[in-house]
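A short reminder: the numbers here are calculations on the coordinates, not readings from a lab. For clarity, every value in this text was computed on a predicted model and none was experimentally measured. We place every Cβ from the backbone using ideal geometry, glycine too, and count neighbours over all the protein chains shown.
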């Protein structure tokens with residue numbers, strides 16, 4: 001999308017129930033299919049029943065997707081960290097939805113550590129969340 005304005009929504013949420021790896025696989029398959037159809041890209045991290053996600057693309061597509069998430073019972077206590085035009089453009093253009101599962105300390109991107117054995121995705125502000133998502137992205141191969 002060179003030369004076009006990229007819109008982003010960045011949020012955290014709690015899982016509506018205890019997700020299994022199969023639940024996450026189903027969520028990702030559906031998200032990737034829907035996102036690819038409208039050229040949405042982004043990154044999702046799941047840790048200790050919390051989601052951190054950025055969606056990026058055309059404003060109307062990002063907002064429609066986020067509106068679905070806001071009423072999806074798989075998410076609760078949604079906190080929007082950023083909603084607007086992305087000054088740096090697409091940061092996660094390689095993925096219809098990149099994904100990183102943090103199940104234990106070995107899953108953290110290089111250079112990051114847990115405090116008291118917890119990672120709290122809700123602690124981030126807009127910029128620290130994007131930095132964390134970018135660190136997770138660098139630890140993955142595009143899918």
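The antiparallel fraction among DSSP beta bridges confined to segment 7-138 stands at about 85%. On full extension, the segment bounded by residue 78 and residue 123 gains 14.9 nm, given 0.36 nm per residue less the C-alpha separation.
Contact order for segment 7-138, expressed relative to its length and based on alpha carbon pairs under 8 Å spaced 6+ residues apart, stands at 38 percent.
Could you order peptides 27-35, 14-22 by the average number of other Cβ atoms within 10 Å of their residues, highest first?
Highest-to-lowest ranking by the protection proxy: 27-35, 14-22.
Between residue 139 and residue 22, what is the FRET efficiency for a Förster distance of 22 Å, r being their Cβ-Cβ separation, to the nearest 0.05? Plugging the Cβ-Cβ distance into 1/(1 + (r/R0)^6) gives 0.45.
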